[in-house]
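Just so it is clear, none of the values below were taken in a lab; they were calculated from the coordinates. In this text the structure is predicted, and so the values were computed from the model without any measurement. Because the Cβ atoms are built from the backbone with ideal geometry, glycine has one as well, and the counts that use them run over all protein chains shown.
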Amino acid sequence: VGDHMYSDILKSKRTLGWRTCLVIPELENELAMYGRHEGELIHLQQLADLREQTDRDIDALHVRAMNYADDDVISEGGEVDWKEELYAMIQKRKKVQRELKNAITNYHDTFHPIWGQLFKAGLMDSRFFKQVTDYACLYTTKASDLGSVSPYRFFNAETELSWKGLRDQR
């Protein structure tokens, strides 16, 4: 087996009906890093949530602005108020976005200075994550891990990567 997801894994699965096990040595370090940097991950999620809330606030202000444009009578100072508020919200969103971008970069650099996390690209699942979930029946950090289970053990297909579920339960 080599390092090409499609030809090495999917082809064997489809043509030979083999169950596949992907050995990902880097996963062991990745799991350790999750534990050490859990607070940073929580901070990233809080920033992402704040950005989302700010976007919703901007949407609401935009709707208010459209309503002002449709009204014949604008309350005194009303137009200025929503414009200033909208400008302030846009500035807040830009600030949150910069903070989030820097926090994501710093967080990913703790895993690997070039590649970041194995299973994430920013806040989204990485292409590698998608390939692992699509092509591998099982995955482990080293082949010797399989020595600790009976050869008669049947592994059910997971709908979500097991390490992700364990991390989310904390």
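Observations on the structure shown:
- Pairs of alpha carbons in the stretch 113-154 separated by more than 12 Å make up 69% of all such pairs.
- Packing rank of 126-139, 85-98, where each peptide gets the mean count of other beta carbons within 10 Å, highest leading: 126-139, 85-98
- With neighbour counts taken as other beta-carbon atoms within 10 Å, the residues Ile42, Ile24, Ile104 rank, fewest first, as Ile42, Ile24, Ile104.
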